[in-house]
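Colleague: Please see the structure below; I have some questions.
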Amino acid sequence: MPPDLRSGSTRKWWDVPPESVYAFTFYIWQQAQRWPTNGEQDYPRNLHALSAYFTPSCRAFLQQDFEFRRSNGELRQRVRGIYEIPGRGYGDDPAMRVRTVSANNWIVTLDVSADEYLGAEQVKRALVRYALKVVRMDGDPERNPFGLALDCHARAPERIETPPPAAPPGRAASAGSNLQGDTP
C-alpha cells in the first residue's frame, strides 16, 4: 500500500536536515580551501567570494590564517585541493558526521585529504579531521540562500590515518607479500 501523501511533508519549515548541514559545510569548506593556480591569490579571493558563508569571527580567523601562511611562504605558487576520504562521508556514519547542538547550531566532522602542489611536485598530503561549527545565520538571502554559516573550528584540526587496505577474501595480509603476485 503506498504512503498517504495528502498531508504533505511533516518536517517543520525551519528544521534543517543534518544531511543538508553536512553538504553545506563540506562544499563551502572545500571551496575556501581550493587554490587552483596560486594560493597567494586564490585563498584571499575565495575568502572574499565566500564571505557571506562565514561568521565575522570565522572570517577574521581565516584572514589571519591567510596572513600567517603568506608570511611563512606556504602560498606562493601553491595549488591545493581537499577531498573527502572515501568511506568517511556523511552516509557512512551520519551520527558521527553531524552533531546537533541546538536548533541553530551544529558541529560537522569532515575527514579529508588535503593535497598541495608546487608546480608538478606534490609537496603535501595530509589526512585531516576538521570539526567545524555551523550556525544558522539569517542575512542577505541573495548572498547566502542557505541561511547557514561556518563558525570555523570547534576544536583544533587533527591528523588522521586511514586503515590499511583489506586483504582479498581468503588471504591474510602480510608485510612481505609479493606485490607482483603469488609467484616470483
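Colleague: Since V79 meets every condition but one in (1) over 19 Å from the mean Cα position of the chain (by Cα); (2) farther than 21 Å from H153 by Cβ, which condition does it not meet?
Modeller: (1)
Colleague: Any residue that is farther than 18 Å from E121 by Cα and either touching a residue at least 60 places away in the same chain (Cβ under 8 Å) or in contact with a strand residue (DSSP E or B) (Cβ under 8 Å, 6 or more places away or on another chain) (or both) - is there at least one of those in segment 63-80?
Modeller: No.
Colleague: Yes or no: segment 43-62 includes at least one residue that is in a strand (DSSP E or B) and on the phi < 0 side of the Ramachandran plot.
Modeller: yes
Colleague: Another one. Being aromatic (F, W, Y) and touching a Lys or Arg at 6+ places or on another chain (Cβ under 8 Å) is the filter here, so list the residues in segment 13-69 that pass it.
Modeller: If the condition is that a residue be aromatic (F, W, Y) and touching a Lys or Arg at 6+ places or on another chain (Cβ under 8 Å), then Y22, W35, Y43 are the ones that fit.
Colleague: Could you say whether any residue in segment 56-66 is farther than 15 Å from C152 by Cβ and either at pLDDT 95 or above or of a type in the set (A, V, I, L, M) (or both)?
Modeller: Checked segment 56-66: no residue is farther than 15 Å from C152 by Cβ and either at pLDDT 95 or above or of a type in the set (A, V, I, L, M) (or both).
Colleague: So, one more: For A166, which of the numbered conditions (1) exposed (fewer than 12 other Cβ atoms within 10 Å of the Cβ); (2) of a type in the set (G, A, S); (3) at pLDDT 95 or above fails to hold?
Modeller: All conditions are met except number (3).
Colleague: Same structure, new question: Any idea how many residues of segment 46-60 are over 19 Å from E142 (Cα atoms) and surrounded by fewer than 16 Cβ atoms within 10 Å (Cβ to Cβ)?
Modeller: Summing the residues that are over 19 Å from E142 (Cα atoms) and surrounded by fewer than 16 Cβ atoms within 10 Å (Cβ to Cβ) in segment 46-60 gives 2.
Colleague: Restricting to segment 63-104, count the residues that are touching a helix residue (DSSP H, G or I) at 6+ places or on another chain (Cβ under 6 Å) and surrounded by fewer than 15 Cβ atoms within 10 Å (Cβ to Cβ).
Modeller: The qualifying residues number 1.
The values are calculated or read from the model by the stated rules, or taken from the named source; none is laboratory data. Please read all numbers here as calculations on a predicted model, not as lab measurements. Please note: Cβ atoms are built from the backbone with ideal geometry, for glycine as well, and neighbour counts cover all protein chains shown.
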